[in-house]
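The values are calculated or read from the model by the stated rules, or taken from the named source; none is laboratory data. Everything quoted here is computed from the prediction, not taken from an experiment. Glycine also receives a Cβ, built like all others from the backbone with ideal geometry; neighbour counts cover every protein chain displayed.
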Amino acid sequence: MPSSDNNNIKSIVEFTLIFVRSDEGVLLGFKKRGFGVGKWNGFGGKIEKGETILQGAMRELKEESNLTVSSSNMIYVGYVRYDRVDSPQVDIVYIFTASEFSDSLEESEEMAPKWFKISEIPYEEMWGDSKYWLPIVLRKKGIFAEFLLSGERNMVKKNVEERDENNIPVYGE
């Protein structure tokens, strides 16, 4: 799906997204400000300079929910790539899950966390592409997904692949 035209150099911005699981469901955050305001999502954001992908995911979870997850309990499950027809920016979102955490859950200035049963996830109040790949992640499978967008988040094309644990993609491979 990405352009194979070598003259069309893209600017890549990397993000993380983590979904905390329990036996009963998944923890989502309601975005109170900034990009994605008014939507439910996992916890995450842009990777800061000098951070690894894993460090970025752990930091974002702590900042947005007060939960701490050790690196050994973070499970990388794949990534989602967003290309835009009207922008040279490509967003790569690395997806993690975790089921063991410490500290108490707290609302932050940016996110209001809430536990949802898997059957009650509010997909209609999330980014439109979530319904294509999040169910795969919640079944404890790996994913590789690409979306071509027009404008803010209008989907033009999609490619979503379920992967087994031995075939989870790393960006650039």
Q) Which condition number in (1) of a type outside the set (D, E, K, R); (2) out of contact with any Pro (no Cβ under 9 Å at 6 or more places or on another chain); (3) closer than 22 Å to Ile168 by Cβ is the one that Met111 fails? A) (3)
Q | Enumeration of residues in the range 156-173 that are of a type outside the set (Lys, Arg) and at pLDDT 90 or above | A | Val156, Asn159, Val160, Glu161, Glu162
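For every residue, the table says whether it meets (1) surrounded by 15 or more Cβ atoms within 10 Å (Cβ to Cβ); (2) farther than 30 Å from Lys157 by Cβ; (3) of a type in the set (Val, Ile, Thr).
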position: Tyr79; (1), (2), (3): yes, no, no
position: Arg84; (1), (2), (3): yes, no, no
position: Ile95; (1), (2), (3): yes, no, yes
position: Glu100; (1), (2), (3): no, yes, no
position: Glu110; (1), (2), (3): yes, yes, no
Q) Do any strands (runs of 3 or more DSSP E) entirely within the range 1-115 hold 1 or more residues that are more than 28 Å from Arg139 (Cβ to Cβ), and if so, which? A) 11-21, 75-84, 87-98
Q | Check on Glu152, among the acidic types (Asp, Glu) and modelled with pLDDT of 95 or more | A | no
Q.
If I filter the range 158-166 for residues that are buried (at least 17 other Cβ atoms within 10 Å of the Cβ) and either out of contact with any strand residue (DSSP E or B) (no Cβ under 8 Å at 6 or more places or on another chain) or assigned to a loop (DSSP other than H, G, I, E, B) (or both), do I get at least one hit?
A. no
Q. With respect to the numbered conditions (1) in contact with a strand residue (DSSP E or B) (Cβ under 9 Å, 6 or more places away or on another chain); (2) assigned to a loop (DSSP other than H, G, I, E, B), which one is the sole condition not fulfilled by Leu149?
A. (2)
